[in-house]
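Participant: Handing you a structure now.
No lab work stands behind these numbers, since they all come straight from the coordinates. Here the structure is a predicted model, which means the values were calculated and not measured. Here the Cβ positions follow ideal geometry from the backbone for every residue, glycine too, while neighbour counts run over all protein chains shown.
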Amino acid sequence: MNAKAVLELVENLAVLKNLPRTGWALRGITNCESIADHCFRMSFLSMLLADVLIEQGVPLDAAKVMRMALLHEIGEARLGDIPVPALRYLPADAKAIAEQAAIEAMLCEFGPLSEKYRALWLEFEEASTLEGKLVRAVDKLEMMIQVYEYEKIGYRCVDDFWLNPNIRRDFVVNPLVQDIMALLEERRQVVRGRDR
């Protein structure tokens, strides 16, 4: 590991600033958030919720949560954002296998750190620890906050997100996550009520 490896990784990740979240673009949302936009707010929300939950006595490793949040989309720097509808046409594990290969390629110069970061990414993917479960929930929660924000500015092409039980399944990790989602739904009803 050296300065060249660090700079090249950071340059590789810069593409995330310019790659739109494909699901939004497919729905006709113009000027939609980038992958980096999602990652920033998702990482901040992960930090915030981890700190709040630790204050409430939940045994979490906040540093681990933050690392997972920052690492959760780095494979997309090589693969782009593969939208959920596209997954129907791919073998079941194709996305995870491709993301793991991309992560390994991007981190190959980092020695033991490579394995540490790959293990954290895998822990997120598999939701195999409390930290992994929280970060997966926050990934979906941040997406739902974005759905709400798009509805606030007039987009009506996102109703199915509110009805999708697969999005909510990760929220059982903690009542605080469920409470935030319930508050979002209440606010959405106010926004939708103004449309009538």
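Participant: Rounded to the nearest 10 degrees, what's the angle between the helix 3-13 long axis and the longest principal axis of the chain, both from Cα atoms, 0 to 90?
Facilitator: 30
Participant: Related question: Rounded, prolate or oblate: pick one for the range 3-195, where a ≥ b ≥ c are the square roots of the eigenvalues of its C-alpha gyration tensor, a/c under 1.5 means rounded, and failing that, prolate if a/b is larger than b/c, else oblate. Before the final figure, lay out the partial values.
Facilitator: Values: a/c = 1.87, a/b = 1.30, b/c = 1.44.
Oblate.
Participant: What ³J(HN,Hα) values, in whole Hz, does the Karplus curve 6.51 cos²θ - 1.76 cosθ + 1.60 give for the range 96-111 when θ = phi - 60°, with x put for Gly and Pro?
Facilitator: Each residue's phi maps through the Karplus curve to give 4, 5, 5, 5, 5, 5, 5, 5, 4, 5, 5, 9, 4, 8, 9, x Hz.
Participant: Pairs on different chains or at least eight residues apart, Cα atoms closer than 23 Å: how many lysine pairs in the range 3-195 fit?
Facilitator: 12
Participant: I would also like to ask the following. Would you mind classifying the range 73-134 by shape? Square roots of the alpha carbon gyration tensor eigenvalues, ordered a ≥ b ≥ c; an a/c under 1.5 is rounded, otherwise it is prolate if a/b is larger than b/c and oblate if not. Spell out each step's value before the answer.
Facilitator: Numbers: a/c = 2.37, a/b = 1.29, b/c = 1.83.
Oblate shape, in that a/c is at least 1.5 and b/c is the bigger or equal ratio.
Participant: Can you give the calculated 222 nm mean residue ellipticity of the chain, where each DSSP H run of n ≥ 4 adds -39,500 (n - 2.57) and the sum is split over every residue, rounded to the nearest 500 deg cm²/dmol?
Facilitator: Numbers: 12 runs with 137 residues, N = 196.
Roughly -21500 deg cm²/dmol at 222 nm, from the helical runs in the chain.
Participant: Tell me the angle of helix 35-55 to the major Cα principal axis of the chain, expressed in degrees between 0 and 90 and rounded to the nearest ten.
Facilitator: 80
Participant: Something else now. Once both axes come from the Cα atoms, what is the angle between helix 175-195 and the longest principal axis of the chain, in degrees from 0 to 90, rounded to 10?
Facilitator: 50
Participant: What shape does the range 115-196 have by the C-alpha gyration tensor, where a ≥ b ≥ c are the square roots of the eigenvalues, rounded means a/c under 1.5, and otherwise prolate means a/b greater than b/c and oblate the rest?
Facilitator: Details: a/c = 3.13, a/b = 2.27, b/c = 1.38.
It comes out prolate by the Cα gyration axes.
Participant: Taking 7 Å along the Cα-to-C-beta vector as the label spot, tell me the Leu79-Asp179 distance in nanometres, rounded to one decimal.
Facilitator: 3.5
Participant: Anyone know which of Val138, Val84, Val147 comes out most mobile in the 10 Å Cα GNM of the chain?
Facilitator: Val84
Participant: How many angstrom lie between the C-alpha centres of the range 132-190 and the range 15-62?
Facilitator: The range 132-190 and the range 15-62 have Cα centres spaced 12 Å from each other.
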